[in-house]
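The values are calculated or read from the model by the stated rules, or taken from the named source; none is laboratory data. This one's a predicted model, so the numbers in the text were calculated from it and none came from an experiment. Neighbour counts run over all protein chains shown; Cβ positions are idealised from the backbone, glycine included. These area figures cover heavy atoms from the full protein model, side chains too; ligands, DNA and RNA do not enter into them. Shrake-Rupley method; radii C 1.70, N 1.55, O 1.52, S 1.80 Å.
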Amino acid sequence: GWKVSMKSGSLSYILPYNRLPVQLVSQVRVYTSNGQKKDLGSEDTNGSARGETLQKVETGQDTTSAGQKQSSPKQPIQVKVKAVLKKREYGPKYTQNNFITGVRAINEFCLKSSDLDQLRKIKRRSPHDDTETFTVYLRSDVEAKSLEVWGSPEALARERKRRKEAEIKYRENLFRNQRLLWEYKEFFGNTKPRSSTAAMFFKGPGKVVMVAICINGLNFFFKLLAWVYTGSASMFSEAIHSLADTCNQALLALGISQSARTPDPSHPYGFTNMRYIASLISGVGIFMMGAGLSWYHGIMGLLHPHPVESLLWAYCILAGSLVSEGATLLVAINEIRRSARAKGLSFYQYVVQSRDPSTNVVLLEDAAAVLSVAVAATCMGLTSLTGNPYYDSVGSLGVGTLLGTVSAFLIYTNTEALLGRSIEPEQVQRLTELLESDPVVRAIHDVKATDMGMSKVRFKAEVDFDGRVVTRSYLEKQDIEQLLQEIQQVKTLEELEAFMLKHGENIVDTLGAEVDRLEKDLKQRNPDVRHVDLEIL
């Protein structure tokens, strides 16, 4: 006789009506954080109907099951009372428990440092690597103090506007004073010791660029004289080539000096990409000035050929240019080999990945210069032997094609670097294995490792943390006996809530400390990783 079905809340009972008398109680009590409780009564509006049904089950069928009811004892089913903590409404903008630093409090709320001395000070874990803790204040305390100092929100808004106008005026005066100081230094001479930016041009890529500027400048001057004397199209292309190299390397020097600037609020990640920007512009300049003018002069030579004068001086200048360009090329090759060895890369990988764009430009420009000297000398020699000026024009076209190829390679590699390409898969695998081998990490998802340029890597990943390990790490730093006593003293809902809030906040702080530890380990074991963003799943 399993035929009578009764529902109470979400529970469903199917009982034999002739065997077991049933008594059901369905009640929910809602507890608030202040200890009050509300009896919501029955969960179903048809409670009275169910009561009548139960009464019928208990008292009905007297004639058929009277003997059976006397033999079977009553076993009422007990349902536990469910206690629910009332949900607290925080509102769309809840900032009562927000922290704020002293600098922000002074700047945003127009306070003085003496005003903050009267507020509650809270020590929190520092987000910076150089300090472990720092002092913060409750935002609600700061807001109340600002109203106490200024009297009303309107007065505070007027003071903020006044300070903003004063800041704009100060920046304008600062720019004007810097300009006057620059003019003063130009007039009286600069006696300031050599800065770190100037020292960059005496070693590494800066030294390579400065050597290339000096040599290419001299080459341009002598090649220009040879072209004026001989009228050779190939010599004109060589002179334009040296001029383009000199201008582009001056642009590289500007990029190196700008990349040494310290980060500011507008550029929090610094100015290291200025080297890639300068190299990209240099590649465009080579294409327009070098390749474009060489092609133009070669085509004009084919359309309007003219006899070439004595090429003796041109050969001498080309020989000197070959020696000087070769010397600069050797300097660039040695610098790239040294840098590639330090990074554990081959020479080819270092050049293709554009690890050092400034040195790459010098390397490719000088390599193209040496090859173009060989092309120009060959075509001029054929012109001297045959007396045909077309060979000289073809040499100009060959030099232009060579410069176009170099410029295309530079534009491609520097564009890829500026777009933010990923690092090598082997490096990503090492970083991922380092995180996954930590006990506090369950899984790693959505890993992104981007090369920001100049061997600076930004690593981002979403991490699934093991809450049990984090909690155990927190408990290892606590007095377990004292914690047990606190648990035993919990008697009311208010005490339970206070206990959970206290230790819950401490566990969240422990999770933040674990994130900081993982970020520090990644930076220490991989010096190229400068910025780490670990997002908690």
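What the table shows:
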{"item": "Stretchable slack from Trp313 to Ser266, in nm (0.36 nm times residue separation minus alpha-carbon distance)", "result": "11.5 nm"}
{"item": "Cα-based shape type of segment 99-186, given that a ≥ b ≥ c are square roots of the gyration tensor eigenvalues and the cut on a/c is 1.5", "result": "oblate"}
{"item": "Amide H contacts under 5 Å for Val457, placed H, 5+ residues apart", "result": "Met452, Val529, Arg530, His531"}
{"item": "Positive minus negative residues near Gln249 (Lys, Arg vs Asp, Glu; Cβ under 11 Å)", "result": "-3"}
{"item": "Pair-distance profile P(r), taking every C-alpha pair of segment 197-419, with 10 angstrom steps and integer %", "result": "9, 34, 31, 17, 7, 2, 0"}
{"item": "Thr386 - accessible surface, heavy atoms, 1.4 Å probe, Å² rounded to 10", "result": "80 Å²"}
{"item": "Heavy-atom accessible area ranking, 1.4 Å probe, most first, across Tyr315, Tyr276", "result": "Tyr315, Tyr276"}
{"item": "Under the Karplus curve 6.51 cos²θ - 1.76 cosθ + 1.60, θ = phi - 60°, whole-Hz ³J(HN,Hα) for segment 221-230, x wherever Gly or Pro sits", "result": "4, 6, 5, 5, 5, 5, 5, 4, 6, 9"}
{"item": "Sequence-separation-based contact order of segment 197-419, relative, with Cα cut under 8 Å and 6+ spacing, percent", "result": "30 percent"}
{"item": "Farthest toward positive dipole pole in segment 197-419 [+1 Lys/Arg, -1 Asp/Glu at C-beta], among Gln249, Ala374, Pro389", "result": "Gln249"}
{"item": "Projected label distance in nm at Ile168 and Glu462, using a 7 Å step from Cα toward the beta-carbon", "result": "4.2 nm"}
{"item": "Leu496 accessible area, assembled protein chains, probe 1.4 Å, Å²", "result": "80 Å²"}
{"item": "Using a Förster distance of 60 Å, the FRET efficiency for Leu322-Val447 (Cβ separation, nearest 0.05)", "result": "0.75"}
{"item": "Rounded to the nearest 20 debye, dipole of segment 99-186 from Cβ charges on Lys, Arg, Asp, Glu", "result": "140 debye"}
{"item": "Within the accessible area of segment 425-536 (1.4 Å probe), percent carbon and sulfur", "result": "52 percent"}
{"item": "Cα convex hull of segment 425-536 - mean projected area over all directions, nm²", "result": "8.1 nm²"}
{"item": "About the Cα centre, charge dipole magnitude for segment 197-419 (Lys/Arg +1, Asp/Glu -1 at Cβ), debye", "result": "680 debye"}
{"item": "Overall Cα dimensions of segment 213-322, principal axis frame, Å, largest first", "result": "62, 29, 17"}
{"item": "About the Cα centre, charge dipole magnitude for segment 425-536 (Lys/Arg +1, Asp/Glu -1 at Cβ), debye", "result": "460 debye"}
{"item": "Neighbourhood net charge (15 Å Cβ-Cβ; Lys/Arg +1, Asp/Glu -1) for His503", "result": "-3"}
